[in-house]
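The values are calculated or read from the model by the stated rules, or taken from the named source; none is laboratory data. All values reported here derive from a predicted model rather than from experimental measurement. Note that we place each Cβ from the backbone using ideal geometry, even for glycine, and neighbour counts take in every protein chain shown.
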Amino acid sequence: MANPFRDPFINSLKHRLLVYLWRRAEQDGSAMAKRRFFQYFDQLRQLRMWKMQLLDENHLFIKYTSEDVVTLRVTDPSQASFFVVYNMVTTEVIAVFENTSDELLELFENFCDLFRNATLHSEVQFPCSASSNNFARQIQRRFKDTIVNAKYGGHTEAVRRLLGQLPISAQSYSGSPYLDLSLFSYDDKWVSVMERPKTCGDHPIRFYARDSGLLKFEIQAGLLGRPVSHTVRRLVAFTFHPFEPFAISVQRTNAEYVVNFHMRHCCT
């Protein structure tokens, strides 16, 4: 039985991708577009599917890149990659974007909640993204400006870094109202709507009411009363309940893990 990964023939999805790119070059009408297609044909043919996500019931958002990146032989984020929107019902390629596409970045910034696969059918939603929250938009702009003004940065590098978040893993963003930046103000250096490990601070994370500026609650990760060692790096990951005042934190220090359950403290 032949190994499909060594089959010299082009599989159906890759064939549709190549056909889409060729037709786009034809529609361009210039000889340069066709020459570029033939120039990079071998690289396009050797692209490998790396990640994907569902945009809705019918559409897949697929990231293609080189085999070296997929197999982790190369970790350079500047490697070229392509994003493909594929309709599973009609088996059509709807769009193809490079990882330096300003058009895709604009779509991502303006319709971020659709990429995050948020609970769109839920009655109560607390989306906190650059497309639905002014404070989250300010954080993203600040991050983008930092890359643009960095030593080896620039606009293209900023686009590449921001699009590097795509496709987004399911349930990687929290919809908790306690992380809604329009309701509470907190330091996103220690906790954010994206559930990923962050550096653990020495002091409790303070949450202030956005309207009054008053301190509403604090969250302390790690073991209380234990002296803090500054010689080792401590990471902590938070998982918030979608709407209840409940969160789980997992702190890692070297090979040691500390799990805390954070619940609302009711004064009696």
Going by what's in this entry, would Glu244 be described as modelled with pLDDT of 85 or more, under 16 Å from His262 (Cα atoms) and part of a loop (DSSP other than H, G, I, E, B)?
yes
Can you say whether Ser101 is closer than 24 Å to Gln43 by Cβ and at pLDDT 90 or above, as far as the supplied structure shows?
yes
Residue count for the stretch 149-182, restricted to those that are part of a helix (DSSP H, G or I) and surrounded by 15 or more Cβ atoms within 10 Å (Cβ to Cβ)
10
On the given criteria, is Ser81 crowded, with 16+ Cβ neighbours inside 10 Å and either under 22 Å from Ala158 (Cα atoms) or out of contact with any Ser or Thr (no Cβ under 7 Å at 6 or more places or on another chain) (or both)?
yes
All but one of (1) modelled with pLDDT of 90 or more; (2) of a type in the set (Val, Ile, Thr); (3) in contact with a strand residue (DSSP E or B) (Cβ under 7 Å, 6 or more places away or on another chain) hold for Ile168; which doesn't?
(1)
Within the stretch 1-22, work out how many residues are part of a helix (DSSP H, G or I) and either closer than 19 Å to Phe97 by Cα or at pLDDT 65 or above (or both).
11
Can you spot a residue in the stretch 116-124 that is in contact with a Leu (Cβ under 9 Å, 6 or more places away or on another chain), on the phi < 0 side of the Ramachandran plot, modelled with pLDDT under 90 and loosely packed, with under 13 Cβ neighbours inside 10 Å?
yes
Here is a list: Ser30, Ser66. Which entry is farther than 29 Å from Asp113 by Cβ, surrounded by 14 or more Cβ atoms within 10 Å (Cβ to Cβ) and at pLDDT below 90?
Ser66
With the checklist (1) surrounded by 13 or more Cβ atoms within 10 Å (Cβ to Cβ); (2) of a type outside the set (A, V, I, L, M, F, W, C); (3) closer than 20 Å to Arg116 by Cα in hand, flag the one item Asp56 doesn't pass.
(1)
Pairs, first among the small types (Gly, Ala, Ser) in the stretch 149-174, second assigned to a loop (DSSP other than H, G, I, E, B), C-beta under 7 Å, six or more apart:
Gly164/Pro77; Ala170/Asn117; Ser172/Glu195; Ser174/Val193; Ser174/Glu195
Return the residue satisfying two criteria in turn: it lies in the stretch 189-210 and is part of a strand (DSSP E or B) and not small (Gly, Ala, Ser), and of such residues it is surrounded by the fewest Cβ atoms within 10 Å (Cβ to Cβ).
Thr199
Can you name the condition, by its number, that Phe108 falls short on among (1) aromatic (Phe, Trp, Tyr); (2) modelled with pLDDT of 90 or more; (3) farther than 24 Å from Phe83 by Cα?
(3)
